[in-house]
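Since the structure comes first, as structure tokens, the remarks are kept for the end.
The values are calculated or read from the model by the stated rules, or taken from the named source; none is laboratory data. These figures come from a predicted structure and were not determined experimentally. Note that we place each Cβ from the backbone using ideal geometry, even for glycine, and neighbour counts take in every protein chain shown.
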Amino acid sequence: MKKFIAITVSSIALAVSNPAAAQETDDTTKTAATETAAIDPARLSAAKSTVDYLFPLGTYERMMKGTMDQMMDQMMMSMGNMRMGDLAGAGGVARGDMPEGMGEKTLAEMATEMDPHYAERTKISTKVIMDEMVNLMIGMEPAVREALTNIYARKFTVGQLTEMNSFFATDTGSAFARDYMMVFVDPEMMQSMMNMVPEMMQAMPEIMKKVEEATAHLPPVKIPGNDPFASVEEIMDEVENSDDTTDWEDPDNWSAEDRELVNKLSVDSDTAFEKYYEALEKAQKNAKAKMANGK
């Protein structure tokens, strides 16, 4: 599981660090900067009013507080209920190539076997991450509003923006603008998106096959290891044909002293994390009350 996540993150990092992509980003940034400098001030002024209606300060907090927590919990639950065979199939691994019985197990069942505290740990981790994401997004909000202002100013005339703002100033327009962004995190919208996941997973093997065919003319990916020039297929074959086992990971094969120490530290770690989480919530609650009282 950790190796899969690490490989995925590495792939994303590699894509981001690609010089061609960086050059394209630089060119796009320069173009955007040039266009922004040429925007009519009157259009910018009208667009700012439009953004004030559609994306006022505090929008990200409204979108992510509570609603996103529930959405992420639901998303993690839905993913946890997916069977390993379906997930493997999306990656191009046939169910028959998996160890006996694994294909019918859910992701949550597999994770719980490795970590008995998986459900609680996931729920706590999700909340902490989302709370921190709220703070990050709030900090980014002014830049997003400025970008939106520039975009609207380029795409619409002063007359069009004025008509929009006149509508947003009405009761109906104000109601629409107030909840325009909230529609995208509405539980019904989230459920609709989650319902698409199984269909996307089923389509993934065929998509990956087309990707493989489209990149067949390229040399195989090189993975660091004993053989720096080994392809992914060669590494997988080596793993499958290897006599090496992971019995050393089984606690039953550990010494009594090692097992006792690991169990003790695991409990201590869980307790420390729970205390940290409680202290974090208390600190934020106290700070919020203090700020509300103007102290």
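Checking each residue of segment 189-202 against the condition of being under 30 Å from residue 44 (Cβ atoms) and not in a helix (DSSP H, G or I) gives no match. Residues that are in contact (Cβ under 8 Å) with a residue 40 or more places away in the chain, in a helix (DSSP H, G or I) and over 18 Å from the mean Cα position of the chain (by Cα) within segment 115-141 comprise just one, 141. Consider segment 53-63 and keep the residues that are surrounded by 15 or more Cβ atoms within 10 Å (Cβ to Cβ) and under 13 Å from residue 144 (Cβ atoms). The one that is modelled with the lowest pLDDT is 63.
Output the residues belonging to segment 146-164 that are surrounded by fewer than 18 Cβ atoms within 10 Å (Cβ to Cβ) and part of a helix (DSSP H, G or I). Residues satisfying the conditions are 146, 147, 148, 151, 154, 155, 158, 159, 160, 162, 163. Residue under question is residue 250, and the condition is that it be over 22 Å from the mean Cα position of the chain (by Cα), surrounded by 10 or more Cβ atoms within 10 Å (Cβ to Cβ), within 29 Å of residue 113 (Cβ to Cβ) and modelled with pLDDT under 80; does it hold? So residue 250 fails the test. Do we have residue 229 as at pLDDT 85 or above and surrounded by 10 or more Cβ atoms within 10 Å (Cβ to Cβ) here? It is false that residue 229 is at pLDDT 85 or above and surrounded by 10 or more Cβ atoms within 10 Å (Cβ to Cβ). Every residue in segment 168-188 that is free of Cβ contacts under 8 Å to residues at least 40 places away in the same chain and farther than 23 Å from residue 144 by Cα, please. Of everything in segment 168-188, those that are free of Cβ contacts under 8 Å to residues at least 40 places away in the same chain and farther than 23 Å from residue 144 by Cα turn out to be 170, 171, 172, 188. Any chance segment 25-39 includes a residue that's part of a helix (DSSP H, G or I), under 22 Å from the mean Cα position of the chain (by Cα) and modelled with pLDDT of 85 or more? The answer is no, given that none of the residues of segment 25-39 is part of a helix (DSSP H, G or I), under 22 Å from the mean Cα position of the chain (by Cα) and modelled with pLDDT of 85 or more.
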